[in-house]
Amino acid sequence: MACRSTTIRLDRNIKKVFMSMIFARALFVCAVIGGVFLVAPVVSHAEGHDASSSLHKDALPRVLILATGGTISGKADARSAIGYDAGAATGEQLIDSVPGVEKLAQLKVEQVSNIASQNINSRIWFILTERIRKAFDNNEADAVVITHGTDTMEETAFFLDNVIGDAHPVVLTGAMRPSTAISADGPANIYEAVKVAADPGTQGRGVLVVFNDEVHSARGVSKTHTTALQTFHSPNLGLVGYVDPASVRFVSPPKVHKYFSLPESYQLPRVEIIYAYAGMDAQQIDDAIRAGAKGIVFAGMGDGNISAEALAGIERATKSGIIVVRSTRVGSGFVNRDVEVDDDRYGLVASMDLNPQKARILLQLVLSNSKNTPAEVQKEFSSGL
């Protein structure tokens, strides 16, 4: 009986398996017969998605990337654990290293230079200015992003901010670690710079610096640390906004900008920066006079203070027609008029919030636009706030 019972259970299982096979085969035949109706909607959806992506891409803002070199394009060198050579990677290679950036904008990359930013000069500033103007005038781009070394980034940004109109966004970014470093910061900074440049809220804000999730104005930003990723701060004016992969947030309103024309010769007047120190005499000032300087920026102590010996040299400079601007070697704070130094008596200009390197650029532009008296220059230094 046990054997017969087992046989019955096996027969029933065989029947179940057989019926399952027949049912499965029937489903397969139906699927084949009705395959056109089952597959066609899937293909149509895929085609529709591709078409939508193409239309979306065409609707993205057009961003021109101008690469100049710097640490962001650097590659490691064996001379030390953190040694590198700037300007070893191209702009195209930098963009290729940024995943997802193509979803933010239609990108075009051009190599303006590929040098360390300590070698940036006014000739490159003029080249950048002309290329940016051409791109906007000819409707080639809706915004410009410049990859740049950090050493002189604030100077390039400030120069462009004073000569480029704010009808379209211009954003600078860079990196503190070379492209081959562990945790290189360049790709994230490029992504966020493009995101800010493409954002409608960037319109009318002048030239910006985007770095390490922060957005700075060209006038306010300054490099404050030799190697740290969070090197850029705006000690006197504060941040313009914040950026991350999800959003752009501006925390201050746009400001009205004033712009200077460039000299036809594309030559800026010679302006020297002289750094103050304890026990300073007037030798450097007298050397600047003999060298034919049209302006001197004095990086004074504290509130732009000047030793008695140096002040005598500055008086000789102003009497010879040289414009002298008092700035400060201190990292933050304003330089005020007529505090310990009698600016009215000596014919001096107070730099206000501008550090020596930016004060030099503004003085060059002011002198290039035929404003040659201390009162005229002081007005330009004060009006940018």
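The values are calculated or read from the model by the stated rules, or taken from the named source; none is laboratory data. Fair warning: this is a prediction, and the values are worked out from it, not measured in the lab. All Cβ positions, glycine included, derive from the backbone under ideal geometry; neighbour counts span all protein chains shown. To get the accessible areas, we keep the full protein, side chains included, count just its heavy atoms, and leave off ligands, DNA and RNA. Shrake-Rupley method; radii C 1.70, N 1.55, O 1.52, S 1.80 Å.
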Of the candidates Ala76, Ala81, Ala86, the one satisfying the condition of being closer than 22 Å to Phe158 by Cβ and modelled with pLDDT under 95 is Ala86
Got at least one residue in the stretch 289-300 being free of Cβ contacts under 8 Å to residues at least 24 places away in the same chain, small (Gly, Ala, Ser) and open to solvent by 70 Å² or more (accessible area, probe 1.4 Å)? no
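Residues checked against (1) farther than 19 Å from Asp343 by Cβ; (2) part of a loop (DSSP other than H, G, I, E, B):
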| position | (1), (2) |
| --- | --- |
| Ala278 | yes, yes |
| Asp287 | yes, no |
| Gly292 | yes, yes |
| Leu311 | no, no |
| Thr318 | no, no |
* Scanning for something surrounded by fewer than 21 Cβ atoms within 10 Å (Cβ to Cβ) and within 17 Å of Arg219 (Cα to Cα), does the stretch 142-154 turn up at least one residue? -> yes
For the stretch 306-335 the number of residues that are within 23 Å of Gly384 (Cβ to Cβ), among the basic types (Lys, Arg) and surrounded by fewer than 22 Cβ atoms within 10 Å (Cβ to Cβ) is 1
Picking from Asp303, Asp344, Asp338, the residue that is open to solvent by less than 50 Å² (accessible area, probe 1.4 Å), among the acidic types (Asp, Glu) and farther than 16 Å from Ile274 by Cβ would be Asp303
Counted residues in the stretch 229-272 being among the charged types (D, E, K, R), free of Cβ contacts under 8 Å to residues at least 24 places away in the same chain and more than 30 Å from Ser183 (Cα to Cα) come to 1
Arg131 fails exactly one of (1) closer than 17 Å to Gln203 by Cα; (2) touching a strand residue (DSSP E or B) at 6+ places or on another chain (Cβ under 7 Å); (3) of a type in the set (Lys, Arg), namely (1)
Subset of the stretch 365-385, residues in contact with a Gly (Cβ under 7 Å, 6 or more places away or on another chain) and open to solvent by less than 30 Å² (accessible area, probe 1.4 Å), comes to Leu367
Restricting attention to the stretch 337-385, the residues that are more than 17 Å from Met301 (Cα to Cα) and touching a Ser or Thr at 6+ places or on another chain (Cβ under 7 Å) number exactly 4
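Just need a number here: residues in the stretch 139-186 that are in a loop (DSSP other than H, G, I, E, B) and in contact with a Pro (Cβ under 7 Å, 6 or more places away or on another chain).
2
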Scanning the stretch 222-261 residue by residue, those outside any loop (DSSP other than H, G, I, E, B) and touching a Leu at 6+ places or on another chain (Cβ under 8 Å) turn out to be none
Within the stretch 169-184, of all residues that are at pLDDT 95 or above and among the small types (Gly, Ala, Ser), the one surrounded by the fewest Cβ atoms within 10 Å (Cβ to Cβ) is Ala175
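When you scan the stretch 270-322, how many residues do you find that are among the β-branched types (Val, Ile, Thr) and within 31 Å of the chain's Cα centre (by Cα)? Write out each step before concluding.
Step one: filter the stretch 270-322 for residues among the β-branched types (Val, Ile, Thr), giving 271, 273-274, 285, 289, 296-297, 306, 314, 318, 322.
Subset that is within 31 Å of the chain's Cα centre (by Cα): 271, 273-274, 296-297.
So the count comes out to 5.
Within the stretch 320-362, how many residues are part of a helix (DSSP H, G or I) and in contact (Cβ under 8 Å) with a residue 60 or more places away in the chain? Spell out the reasoning first.
To start, the set of residues in the stretch 320-362 that are part of a helix (DSSP H, G or I) comprises 343-346, 356-362.
In the following step, the residues that additionally are in contact (Cβ under 8 Å) with a residue 60 or more places away in the chain were identified as 356-362.
Final tally of qualifying residues: 7.
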Quick count over the stretch 187-221, residues being in a loop (DSSP other than H, G, I, E, B) and not charged (D, E, K, R), is 7
Looking across the stretch 86-107 at residues that are surrounded by 15 or more Cβ atoms within 10 Å (Cβ to Cβ) and either free of Cβ contacts under 8 Å to residues at least 40 places away in the same chain or among the β-branched types (Val, Ile, Thr) (or both), the single one that is farthest from Val145 (Cα to Cα) is Gly87
Residue hits (the stretch 108-128; under 20 Å from Ala198 (Cα atoms) and buried (at least 19 other Cβ atoms within 10 Å of the Cβ)) are Leu128
When the stretch 274-287 is checked residue by residue, the ones that are aliphatic (A, V, I, L, M) and either more than 29 Å from Leu128 (Cα to Cα) or surrounded by fewer than 20 Cβ atoms within 10 Å (Cβ to Cβ) (or both) are Ala276, Ala278, Met280, Ala282, Ile285
Of (1) among the aromatic types (Phe, Trp, Tyr); (2) open to solvent by 80 Å² or more (accessible area, probe 1.4 Å); (3) within 26 Å of the chain's Cα centre (by Cα), Phe250 fails just (2)
